[in-house]
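**Q** So that we are looking at the same thing, I have put the structure below in structure tokens.
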Amino acid sequence: MDSIAHPTQRQFNPYSDNGGTILAIAGADFTVIAGDTRQSEGYSIQTRYAPKVFPLTDRAVLAVNGFAADGNMFVKKVKQRLEWYRHAHSKDMPLRAIARLIQTMLYARRFFPFYVYNILGGIEEDGTGAVYSFDPVGSYEREACRAAGAAQSLVQPFLDNQIYFNNQQPAPGTSHPVHLPLPTILSIVIDSFTGATERHIEVGDGLEMYVVLAKGRGVQGLEDVRGVQELSVTEEGERIFVIRRDLKKD
Amino acid sequence: MSALEYNGGSVIAMVGKDCVAIASDLRLGTQALGISSNFQRVFPMTDRLYVGLPGLGTDVTTLYERFRYRVNMYTIKEEREINPETFAHMVSSTLYQHRFGPYFIEPVVAGLSKSPTGALKPFIAAMDLIGCINFAKDFVVAGTASSKLYGVAEGLWEPDLEPEDLFETISQTLLNAVDRDAFSGWGAVVHVITKDRVISRTLKARMD
Amino acid sequence: METSFALTGKGYVIVAADTTAARSIVKMKDDQDKIKELGSHLLMAYSGEPGPSNAYIIMPTQPTDPLLSFYSGDTIQFAEYVERNIRLYQIRHLYPLRPSAAASWIRRSLAVSLRSRNAFTVNLLIGGYDLADHKPTLYWIDYLGTVVEVPFAAHGYGSYFALSLLDRYHNPDATLEEGLATLKRCINEVSKRLVVSPDRYKVKVVDKDGVREVEL
């Protein structure tokens, strides 16, 4: 029998990792924001349909990945701040302002962070497609494309090659395109997730791709897409569409 | 700190139409400090058989010398070249002999194997550091950039590539994967093995 | 802290090593030659991991403690073992090992030692002039038995400063004077930026005429 009393240590870990992967690519006048729908903890699948991509306004879509509870709470809080902005200013917050808002909201929790990687995609006020990516404490950057989450290491180098044309030499007398057309980008997104599903156990089940089109752009590139569904109610401003796909199950 | 990641480096092998390719980066470092940009870790074993040895630098040399010796002895005793399948099992059993004090290497084998009819069939295989073999039909990867290599290869590879297209596919896969890995890169080397010759090329790469 | 550099040039290899012998925080000697002449055209700079600050406590009480391997006494032990075996080869065969063969033999000794109970903790730079193909060659070898042929190399804390300088200024076709000037840059940078920098170095050169010491 131990006669000396030992101090007992207790610990509570408030975080978890729920897997999954998100990805966004900006075009000249559109942006694609995508994420898989599997939610897991360790080797257990909690659900095969838990969205990680959320439309915020008619021109902004937010993808959140990491700890799902923090992610859902964070989206809720961002949506609340955007609603207050609408009541105060009678318009939607511009994309770059949403990006800065997210940075302040994340940094406000610098010492008890939301354990989430955010990717914000949409249309800028000048009509260009834009992607903003964040780390959990609010460091952010505008980019042309970004992958995050469990399969980031699988997808990002593929995107470097297919979007930025890294390590590719243009044919003599030509140059690489700065922006790719919508159907090409949709194919790259589907290929990225198919590859990630094949090799990563935390990625799979469903794929949700949100497409944000600039004002007056028209729907070129979406006509022949199977099962595309429009979320915006008016054709006046920017328009949001969602495309859903099953990810391979073998 | 893992011994498998101490020196850095990555290897990939792919199957094509009547050909195979194996490629590797050329970096050798001690953790974050780069030492050499010309460290070979892919070696020819016969005219149509190559082995890639990513992992701890000292074991790259030790195992290469060991396999060279054993392949030479096999060739002399059997009076014929070793088959890729046979060689893969030789590598595997060598590694398993050191089950509880392993060589820190995850080998990749690539070659053309001769069937009884005389036809040549592409063969690739990869192993973990204690010799568990993965006979893949498409591609195998190993080293510090393995997760990146899986991602890019899964997106770029397709069946029945001709030698020149296979060269482009494996080169693009390797270069883009190692550019996202701090422990791999600093140049690359690619070997495409076809039925009548081996095409070996050294690639320029980012030096950062 | 122990530091050594080496670089190749047009027909020569320069090998430099600091001359301090330290135990813990005490400098015991400042004129130790840590570059062995293994043959008429072969040089070896050797250095060990610095001893742990409590090495002197462990040593007298537990002479078989594995930490003994960190005692840099075994760098000298290993260097002499190499020196005598390379010499033995020359006596037996009436010709010396070529630099590449010597580097392979030394590497294997370290690789075998690594998986023994008391591994040598010795890092080496092997510089030689190959009389068969008339080429200067330099091998970087660490205590694990990792060997790689390089145009220039360094060991110890000095390597973190010297390698970037050598990346910038090394020229494989440089004359001996230019090579020594590049070496001086490395030494000066280490003196300037490294807290525990050595103040004296021994510099040796090997070329077609053999090995010799040079004054900087």
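The values are calculated or read from the model by the stated rules, or taken from the named source; none is laboratory data. Owing to the predicted nature of the structure, the values given are computational and were not obtained by experimental measurement. Heads up, the Cβs are rebuilt from the backbone with ideal geometry, glycines too, and the neighbour counts pull from every protein chain shown. What goes into the accessible areas is simple: the full protein's heavy atoms, side chains included, and nothing from ligands, DNA or RNA. Shrake-Rupley method; radii C 1.70, N 1.55, O 1.52, S 1.80 Å.
**Q** For a quick check: with amide H placed at 1.01 Å from N, whose amide H comes under 5 Å from A:Asn18's, ignoring anything fewer than 5 positions away on the same chain?
**A** Correct list: A:Gly66, A:Phe67, A:Ala68.
**Q** Residues of the range A:196-233 that become at least 10 Å² less accessible with every protein chain present than in their own chain isolated, using 1.4 Å: which are they?
**A** Buried-area filter returns A:Glu198, A:Arg199.
**Q** Another question, then. Per-residue mean of other chain beta-carbon atoms within 10 angstrom of the beta-carbon, peptide C:86-96?
**A** So the per-residue partner count for this stretch is 0.
**Q** Which parts of the range A:145-159, residue by residue, lose 40 Å² or more of accessible area when the rest of the protein chains are there, as against the chain isolated (1.4 Å probe)?
**A** Correct list: A:Ser153, A:Leu154, A:Pro157, A:Phe158.
**Q** Within straight cross-link reach of C:Lys192, meaning Cα distance under 21 Å, which lysines are found once same-chain residues fewer than 8 apart are removed?
**A** Cα-Cα hits under 21 Å: C:Lys27, C:Lys184, C:Lys202.
**Q** Using a 1.4 Å probe on the protein heavy atoms, what percent of the accessible area of the range B:10-203 belongs to carbon and sulfur?
**A** C and S atoms contribute 51 percent here.
**Q** How big a patch of accessible area, both sides summed and in Å² to the nearest 100, lies buried between B and C at a 1.4 Å probe? Kindly include the intermediate steps, with their values, before the conclusion.
**A** Numbers: alone 10030 and 11540 Å², together 20230 Å².
About 1300 Å² of accessible surface is lost on pairing.
**Q** Given a 1.4 Å probe and every protein chain left where it sits, what share in percent of the accessible area of chain C is carbon and sulfur?
**A** Exposed carbon and sulfur together represent 53 percent of the surface.
**Q** Let me ask another. For peptide C:140-148, what's the mean number of Cβ atoms from other chains within 10 Å of each residue's Cβ?
**A** On the way: counts 3, 1, 5, 1, 9, 6, 13, 6, 11.
The per-residue average across the peptide is 6.
**Q** On average, how many beta carbons from a partner chain sit within 10 Å of the beta carbon of a residue in B:154-165?
**A** Details: counts 12, 14, 5, 1, 0, 0, 0, 0, 0, 0, 0, 0.
Mean shielding by partner chains, rounded to a whole number: 3.
**Q** I've got another one for you. Could you estimate the translational diffusion coefficient of chain C from the Stokes-Einstein equation, with Rh from the Kirkwood formula over C-alpha pairs, at 37 °C and 0.692 mPa s, in whole µm²/s?
**A** Reported coefficient: 187 µm²/s.
**Q** Sticking with this one: Give the Rg (one decimal place) followed by the Dmax (whole number) of the range C:154-207, computed from C-alpha coordinates and expressed in Å.
**A** 11.3, 34
**Q** With a 10 Å radius around each residue's Cβ, average the other Cβ atoms per peptide and rank A:203-213, C:22-32, C:176-186, highest first. Show your work: numbers first, answer last.
**A** Numbers: A:203-213: 24.4, C:22-32: 11.8, C:176-186: 17.9.
In descending order of packing, they fall as A:203-213, C:176-186, C:22-32.
**Q** Just to check I understand the Karplus step: with θ = phi - 60° and J = 6.51 cos²θ - 1.76 cosθ + 1.60, what whole-Hz values come out for the range C:15-27, glycine and proline as x?
**A** Karplus-based 3J(HN,Hα) across the range C:15-27 equals 10, 10, 9, 5, 10, 8, 10, 10, 10, 6, 8, 9, 8 Hz.
**Q** Next question. At a probe of 1.4 Å, how much accessible area disappears from chains A and B on forming the pair, both sides counted, to the nearest 100 Å²?
**A** Result for this pair: about 1300 Å² buried.
**Q** Can I ask one more? Where does chain B land on Rg(C-alpha)/(2.2 N^0.38 Å)?
**A** Dividing the Cα Rg of chain B by 2.2 N^0.38 Å gives 0.95.
**Q** Calculate what fraction, in whole %, of the accessible area of chain A sits on carbon and sulfur atoms when a 1.4 Å probe is rolled over the protein chains.
**A** 51 percent
**Q** Just for the Cα atoms in the range A:111-223, what are the lengths along the principal axes, largest first, rounded to whole Å?
**A** 51, 35, 29
**Q** What percentages, rounded to whole numbers, describe P(r) for the range C:118-186 computed over all alpha carbon pairs with 5 Å bin width beginning at zero?
**A** 4, 15, 21, 25, 19, 11, 5, 1, 0
**Q** Arrange the peptides A:94-107, B:3-16 so that the one whose residues have, on average, the most other Cβ atoms within 10 Å appears first. Write out the running numbers ahead of the final one.
**A** On the way: A:94-107: 18.1, B:3-16: 25.7.
Result, highest mean Cβ count within 10 Å first: B:3-16, A:94-107.
**Q** Excluding same-chain residues fewer than 8 positions from A:Lys52, which lysines have a Cα within less than 22 Å of its Cα?
**A** Answer for A:Lys52, where 22 Å is the Cα cut-off: A:Lys76, A:Lys77, A:Lys79, A:Lys248, A:Lys249, listed by chain and number.
**Q** Still on this structure, I have one more. Using only alpha-carbon positions, what ratio does the radius of gyration of the range A:21-246 give when scaled by 2.2 N^0.38 Å?
**A** Normalised Rg, Cα atoms only: 0.99.
**Q** Now for a separate question. Excluding ligands, DNA and RNA, what is the solvent-accessible area per residue of the protein assembly as shown at a probe of 1.4 Å, expressed in Å²?
**A** Averaged over the residues of the protein assembly as shown, the accessible area is 48 Å².
**Q** Here is a follow-up. Ordered by packing density, taken as the mean number of other Cβ atoms within 10 Å over each peptide's residues, highest first, how do B:166-172, A:143-149 rank?
**A** Details: B:166-172: 21.4, A:143-149: 24.0.
Answer by packing, highest mean first, reads A:143-149, B:166-172.
**Q** With the radius of gyration and the Kirkwood radius both derived from the Cα set of the protein assembly as shown, what is their ratio Rg to Rh?
**A** Across the protein assembly as shown, the Cα-based Rg/Rh ratio is 1.04.
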